[in-house]
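Just below is one structure, and these are the notes that go with it.
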């Protein structure tokens with residue numbers, strides 16, 4: 001059952017504050033912890049907690065990470081602040097729970113130092129469906145995942161994964177696997193679950209093959 005605190009699709013806002021951060025990807029239903037310390041983003045947290053609690057996570061374009069005002073990718077994912085705590089040194093620790101992906105349809109004037117965009121939601125209306133597609137071959141996908149995480153020493157709760165629905169599994173891995181930012185971007189821009197799962201499996205297989213080749217060349 002969806003949380004009564006989460007917005008309905010029709011209530012998603014036209015204007016959305018955004019947090020540009022390479023490698024940090026939100027996905028519907030998945031929790032993303034964030035450590036906030038820059039003043040403009042502390043301002044943003046204050047403002048969203050007073051309104052709809054929604055923040056758009058979006059990645060800068062490749063090569064723009066160190067630019068003061070980086071150009072942004074066209075697709076991000078909005079999340080709702082579902083946990084909030086303050087630290088003694090002035091930081092804020094939050095948890096965003098992903099709600100729906102969006103397309104940037106234009107940038108708005110900054111508010112208190114943070115950026116805002118006009119958000120288009122229609123392309124990703126499927127994010128509000130309880131189940132949108134499935135893995136064609138889950139066993140094959142899990143085999144690729146095992147081969148990918150083994151040399152990277154990524155801890156995976158395999159028993160928990162077995163019980164997860166396909167949609168939650170793929171969204172969780174999209175958000176939390178240590179994939180390069182551009183690979184993560186390709187995944188969040190892929191609308192259909194089956195297509196996203198197949199793309200992820202291909203990315204993992206290529207990374208695994210590169211790891212094996214690197215070991216062979218060192219020997």
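The values are calculated or read from the model by the stated rules, or taken from the named source; none is laboratory data. Not measured: the values here are computed from a predicted model. Cβ sites come from the backbone with ideal geometry, for glycine too, and all protein chains shown count toward neighbours.
General remarks:
- Count - residues of region 190-205 that are outside any helix (DSSP H, G or I) and free of Cβ contacts under 8 Å to residues at least 60 places away in the same chain: 1
- Elements of type strands (runs of 3 or more DSSP E) contained in region 1-108, each with 3 or more residues being under 18 Å from residue 121 (Cα atoms): 15-20, 54-58, 75-86
- When residue 208 is tested against (1) surrounded by 17 or more Cβ atoms within 10 Å (Cβ to Cβ); (2) part of a loop (DSSP other than H, G, I, E, B); (3) at pLDDT below 95, exactly one condition is not met: (2).
- Looking only at region 153-172, and only at residues there that are loosely packed, with under 12 Cβ neighbours inside 10 Å and touching a helix residue (DSSP H, G or I) at 6+ places or on another chain (Cβ under 9 Å), the one that is nearest to residue 99 (Cα to Cα): 162
- Flag if residue 54 is in contact with a helix residue (DSSP H, G or I) (Cβ under 8 Å, 6 or more places away or on another chain), surrounded by 17 or more Cβ atoms within 10 Å (Cβ to Cβ) and either in contact (Cβ under 8 Å) with a residue 24 or more places away in the chain or over 19 Å from residue 12 (Cα atoms) (or both): yes
- Of the residues making up region 151-180, those that are under 20 Å from residue 95 (Cα atoms) and part of a helix (DSSP H, G or I) are 168, 169, 170, 171, 172, 173, 174, 175, 176.
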